[in-house]
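Following: one structure in structure tokens, then a few remarks.
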Amino acid sequence: MVQATPFLLVLFLALGAHSLPAEKCSLTGRWVNDLGSNMTISPVNANGDFAGYYHTAVSASPMKIEVSPLLGSQHLPNQLNQPTFGFTVHWTFS
């Protein structure tokens, strides 16, 4: 029976995994990277589009860095097994 235990565990997980709730990918909120740049993303709409703001903490420019608007898109639910998204930033410097 000791040898059958790992097999039964794997079988149980394989048969029961489909009933587990799928985790949602939520982009909404404030994100900060290791360099201190931050991004704030508004809720994703029904089409998968979102907007927000990006403020970089990294620059070689002597000009003041302004918060820059961003636009993005997330794939609609159930199109892919893994969530994907992309965004562009319209850099703003004063």
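Quick look at the values:
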quantity	calculated
Approximate spin-label separation C25-V58, in nm, with each point projected 7 Å along Cα-to-Cβ	2.3 nm
Apportionment of accessible area to carbon and sulfur, segment 23-89, percent (1.4 Å)	56 percent
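The values are calculated or read from the model by the stated rules, or taken from the named source; none is laboratory data. Model, not experiment: these values are computed from the prediction. For neighbour counting, all protein chains shown are included, and Cβ atoms are generated from backbone atoms with ideal geometry for every residue, glycine included. Remember, those area values only see protein heavy atoms, side chains included, never the ligands or the DNA or RNA. Shrake-Rupley method; radii C 1.70, N 1.55, O 1.52, S 1.80 Å.
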